[in-house]
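Worksheet: the structure to be examined is printed underneath.
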Amino acid sequence: MTDDHNGGPENGGHEHVPSRQRRRFPGISSRAYEHPADRSALVALRKLSGFDTVFKALSGLLPERSLRLLFLSDSVRVSDAQFAHLNGMLRDACYILDLEKVPPMYVNQDPVPNAMCIGLDEPIIVVTTGLVELLDEEEMRAVVGHEVGHALSGHSVYRTILLFLTNLALKVAWIPLGNVAIMAIVTALREWFRKSELSADRAGLLVGQDLQASMRGLMKLAGGNHLHQMNVDAFLEQAEEYEAGGDLRDSVLKILNVLPRTHPFATVRAAELKKWAESRDYQRIMDGHYPRRDEDKDTSVSDSFRQSASSYADNVRNSKDPLMKLVSDIAGGAGDLGGKLRGKFTGDRSAPDDDRPGDGPDNGPDDGAK
């Protein structure tokens with residue numbers, strides 16, 4: 001059962017008391033807040049031809065110690081003595097999500113508002129000065145929770161691989177960026193990366209427990225520090241107009257626009273987060289009913305795909321995008337499409353999975369995969 005803050009883990013001999021009462025979630029599994037598309041995209045990435053080879057090669061070559069020394073030498077490490085307010089937020093976030101080891105956090109001089117969680121062996125959180133100066137305390141708290149969510153989900157490894165392939169590979173002659181397999185991996189990583197942001201936004205809301213602060217933060221990322229000129233409802237209307245507007249040509253342009261990006265568009269993130277905040281799933285977590293880490297070993301990839309299939313069917317059925325409507329029509333309706341997906345990933349022979357006689361169901365990836 002969740003409980004209100006009345007103290008926190010000891011850190012450096014000091015017991016941390018949060019700035020205001022918030023619910024905490026002992027033993028919470030990252031499955032509680034992960035977007036179904038995040039998990040299924042990661043499974044699809046791991047099954048991509050050549051990914052294991054690239055991953056193993058880069059895992060042994062990436063300069064983990066060099067990365068840490070870089071931030072240690074050229075950024076400011078958050079602590080009780082430096083950026084103490086951020087240190088309090090970080091410890092709060094780890095306490096709320098029950099992350100036992102508090103990851104090191106650095107502030108890096110960069111006017112572009114950004115934050116990231118990277119690292120192969122252990123996660124490191126980095127926030128830019130542009131972000132620190134842009135957000136107020138509650139907005140920043142949601143961002144810190146967002147990054148701690150990445151750490152709890154184990155996202156930092158894949159984010160580091162993507163960072164290396166996209167930002168550093170040009171300096172390494174032996175990596176053929178023009179190679180189709182490498183580009184396929186980068187594209188798949190970006191697709192997963194965008195979905196992982198939706199998961200981390202949810203973690204940020206669980207930490208901050210202030211939907212309006214999360215919304216304000218996303219608006220500021222889109223429009224800068226001009227809140228008096230912005231409105232949450234109008235901002236969300238943009239997301240609805242973006243989804244529903246235009247024709248099939250616009251739908252294709254949306255796909256092309258998002259492919260090179262690592263983050264979903266800010267309006268889309270805001271709309272997704274608001275929808276989740278109003279869902280029964282979020283309320284159940286706040287009431288203390290959520291998956292636990294000690295149950296993770298009993299979960300299967302098939303369960304993740306089943307949830308993803310249901311989520312996809314709901315998205316197609318409720319989407320106002322012209323292309324999604326066409327997909328729904330071609331598939332014979334979102335419900336039928338969802339049934340086909342569930343049949344494919346769960347092996348349900350009664351589902352309309354495949355009309356070919358004699359073919360057995362495809363059970364998807366092995367349950368032993370994480």
Practice item. Please specify each residue of the stretch 282-291 satisfying the condition of being surrounded by fewer than 13 Cβ atoms within 10 Å (Cβ to Cβ) and closer than 25 Å to Glu243 by Cβ. Key: Gln283
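For (1) under 23 Å from Ala184 (Cβ atoms); (2) in contact with a strand residue (DSSP E or B) (Cβ under 7 Å, 6 or more places away or on another chain); (3) at pLDDT below 95, each residue gets a yes or a no:
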residue	(1), (2), (3)
Arg20	no, no, yes
Ser40	yes, no, yes
Arg46	yes, no, yes
Gly60	yes, no, yes
Ser66	no, no, yes
Leu70	no, no, yes
Asp98	no, yes, no
Val102	no, yes, no
Practice item. Could you list all residues from the stretch 123-172 that are at pLDDT below 95 and of a type in the set (Ser, Thr, Tyr)? Key: Ser153, Ser156, Tyr158, Thr160, Thr166
Review point. Considering only the stretch 70-114, how many residues are of a type in the set (S, T, N, Q), closer than 19 Å to His146 by Cβ and without any contact (Cβ under 8 Å) to a residue 24 or more places away in the chain?
Key: 2
**Study point:** Condition check for Arg194: farther than 30 Å from Asp287 by Cα, of a type in the set (Lys, Arg) and modelled with pLDDT under 95
**Key:** no
Exercise for review: Check whether at least one residue in the stretch 209-218 is modelled with pLDDT of 90 or more, part of a helix (DSSP H, G or I) and in contact with a strand residue (DSSP E or B) (Cβ under 9 Å, 6 or more places away or on another chain), and report yes or no.
Suggested key: no
Check your understanding: Taking Gly130, is it surrounded by fewer than 24 Cβ atoms within 10 Å (Cβ to Cβ) and in contact with an Asp or Glu (Cβ under 7 Å, 6 or more places away or on another chain)?
Key -> yes
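The values are calculated or read from the model by the stated rules, or taken from the named source; none is laboratory data. As the structure is a computational prediction, the values presented were derived from the model and not from experiment. Positions of Cβ are backbone-derived with ideal geometry, glycine not excepted, and every protein chain shown enters the neighbour counts.
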